[in-house]
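The values are calculated or read from the model by the stated rules, or taken from the named source; none is laboratory data. In this text, all values refer to a predicted model and were calculated from it rather than measured experimentally. FYI the Cβ positions are ideal-geometry reconstructions off the backbone, even for glycines, and counts take in every protein chain you see. Calculation scope for accessible area: heavy atoms of the full protein, side chains included, ligands and nucleic acids excluded. Shrake-Rupley method; radii C 1.70, N 1.55, O 1.52, S 1.80 Å.
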Amino acid sequence: MNCTNQGGRLGHRLAVSILAGSILGAISGSALAAKPVTDADIMNDAATTSDVLTYGLGTEGRRHSPLAHINADNVGDLVPAWAFSFGGEKQRGQESQPLIHDGKMFVTGSYSRLWAIDVRSGEELWQYEHRLPDGILPCCDVVNRGAALYDNLVLFGTLDAQLVALDQDTGKVVWKEKIDDFKGGYSFTSAPLIVKGLVITGVSGGEFGIVGRVEARDAKTGKVVWIRPTVEGHMGYLNGKENGITGGAPNKTWPGDLWKTGGAATWAGGTYDPDTNLIFYGTGNPAPWNAHLRPGDNLYSTSTVAINPDTGKIVWHYQFTPNDGWDYDGVNETVAFDLEQGGSTVKAAGHADRNGFFYVMNRENGKLMNAFPFVDQIDWAKGVDLKTGRPIETGMRPGNPAEATDGKKGSQVFVAPSFLGGKNWMPMAYSPDTKLFYVPANEWGMDIWNEPIAYKRGAAYLGAGFTIKPLNKDYIGVLRAYDPATGKRVWEYKNKAPLWGGVLTTSGNLVFTGTPEGYLKAFDAKTGEELWKFQTGSGVVGCPVTWDMDGEQYVAVTSGWGGAVPLWGGDVAKSVKYLNQGGSVWVFKLPGKRMAAN
Ligand code: CA
Ligand code: CA
């Protein structure tokens, strides 16, 4: 909002001040300050179509909108309403999901930047550019995945591991807190989650031997309420007091001192299910990658942990890859959904892991209900034992360098998926209409071997070498629709470059996702038929959203190629070197077609 505008509205307010107080209240409430975002607004977000208040279009992360004005019959007519350039020279991966509230879009960009944009005109209202120090240690591009809204604040995390709360109207800093020391390898890239007035965050840095944790702060002040480390042996805290050691004690599933630098980074954000009052947070690889140094399951790495937001305690956990030796980070989102089974409804959760298996869990207790592959080639395990919940390993682990003749390079294996995963951070979507999950997957493998490694603060802590390779000549990316009740693959769409963007589904029988080749695409949710595409000028690795405004439905997505693939992708990175970088947000609508009045 600029001064002229505000002055005009103030004058208007004076002119009507003789009218009833309720009218005055309505005018000053809507025109002069952002409408505060309440806990109830956040809990209702999935159902309210005129705003997008949360990462995931609802804290459950289903990425489904009940809107159907844009649908499979008319999506072919979709055209741009406006586009906004992030500008500057900082054009790197744009993995952000925009938020829409009270006439504004809030969108984050590479290098810890955030914009407020007039959502009707596409004009910038304000920009916040976080001052980053030299020596930040982001592992996988300088990305940011989005912000959170609470009260009059917009909150986001930065690459130097700070959490910033800005005034939605002015972009001014209201509070700023250090999450941890970036010199120790900590950074922050995911979107914060709001639960009952708390802002919930994790940490990035699993490749630097940090200690993963989930943390809750008072969203209005930034004051820490609880801390829950995700590596066994570390103390948790509630209101400044000790609140139990994670896992009860050290050394139950970790040898020696390795738990002290155990990784399990919580880098991809969490979801919250009000039905069970549980936060589901994924945890990354145990550190270092060389698993021979840390025999044991290494809890709670490569797991989903279910945390009670009132106590900061882990209620249940499920570990996808015990003693992970392939960097199969388990950080991917865990999405609450209702599963019909034998005439009753089970409170279930779905999770498509980097390790190539799709897991269906009972979200009340974490009990495994089903696990099925969502990629064609999985070398490290034959399947998952539904009785024990443990993988049936094939023995395809990289060898121990201590047993090598030179003591430097252990025996190499080729294994699929690659460590960039059957699916990486990019969130899937679930449609309660079709009862299908839409999973952005990749078919690739890797040569991997282990090397000796010792922990050094602020230095890469892997003890492994690798080269990622495609498995097929004509495609790597593949968007797949799965029935979680049966594990049946209903349809798939193959894409030449690896898919790296999030998915959106709507009651218009549509699925949206982006491609590194620059397209935002729409598919028929039931058949997978490609119905529409638009070239945005750079790779789409962001998360599309939709909302309605002034009687029309809109779709938005960020554009800007980048992320982990160009940096870590080996042979695959070479194959996508031609893709141009960028930085923008695009908004689409149907031309001149208003929704029916209701
Ligand atoms: Ca909403
Ligand atoms: Ca990792």
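Structure above, values below:
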item: Lys/Arg +1, Asp/Glu -1 at C-beta; the chain dipole; positive extreme among 130, 570, 542; result: 130
item: Filtered trypsin sites (Lys or Arg not before Pro), segment 116-217: DSSP coil and at most 13 other beta carbons within 10 Å; result: 131, 172
item: Average Cα contact separation per residue, the chain, under 8 Å, 6 or more apart, as relative contact order %; result: 14 percent
item: Under 12 Å, Cβ to Cβ, from residue 401 - net charge with Lys/Arg +1 and Asp/Glu -1; result: -1
item: Segment 278-382, relative contact order [Cα under 8 Å, separation at least 6], %; result: 21 percent
item: Value of [θ]222 nm, deg cm²/dmol, for the chain, DSSP H segments ≥ 4, -39500 (n - 2.57) each, nearest 500; result: -1500 deg cm²/dmol
item: Within-12-Å neighbourhood charge of residue 245 [Cβ basis; K, R +1; D, E -1]; result: +1
item: Residue-span extension gain [residue 118 to residue 581] - 0.36 nm each, minus C-alpha spacing; result: 164.2 nm
item: Neighbourhood net charge (11 Å Cβ-Cβ; Lys/Arg +1, Asp/Glu -1) for residue 182; result: -2
item: Straight-distance crosslink candidates among lysines, where the alpha carbon sits under 19 Å from residue 408 and sequence neighbours closer than 8 are dropped; result: 456
item: Entries of 496/577; 90/260; 104/526; 469/521 with Cα pairs more than 24 Å apart; result: 90/260; 104/526; 469/521
item: Difference of contour (0.36 nm per residue) and Cα-Cα distance, residue 252 to residue 396; result: 49.3 nm
item: Inter-site label distance for residue 245 and residue 40 at 7 Å from Cα along Cβ, in nm; result: 4.5 nm
item: Leading residue at positive end of dipole, the chain (Cβ point charges), from 259, 502, 421; result: 259
item: Label point distance in nm, residue 496-residue 224, each placed 7 Å from Cα along Cα→Cβ; result: 4.9 nm
item: In Å, descending, principal axis extents of the Cα set of segment 80-196; result: 43, 35, 22
item: Segment 516-598: projected area of the alpha-carbon convex hull, averaged over directions, in nm²; result: 7.2 nm²
item: Potential extension, residue 310-residue 526 segment - 0.36 nm per residue separation minus Cα distance; result: 73.8 nm
item: Check: segment 82-223 dipole with +1 on Lys, Arg Cβ and -1 on Asp, Glu Cβ, in debye; result: 260 debye
item: Separation of the residue 435 and residue 411 label points, Cα + 7 Å toward Cβ, nm; result: 4.7 nm
item: Given charges at beta-carbon only (K, R positive; D, E negative), |dipole| of the chain in Debye; result: 480 debye
item: Percent carbon-and-sulfur accessible area, segment 3-597, ignoring ligands, DNA and RNA, probe 1.4 Å; result: 51 percent
item: 1.4 Å probe accessible area per residue over the chain, in Å²; result: 35 Å²
item: Principal axis dimensions, largest first and in whole angstrom, of segment 3-597 by Cα; result: 87, 55, 54
item: For segment 528-598, size of Cβ-based charge dipole, Lys and Arg +1, Asp and Glu -1, in debye; result: 200 debye
item: Virtual paramagnetic centre 7 Å along Cα→Cβ of residue 455, amide N under 15 Å, in segment 295-336; result: 295, 298-301
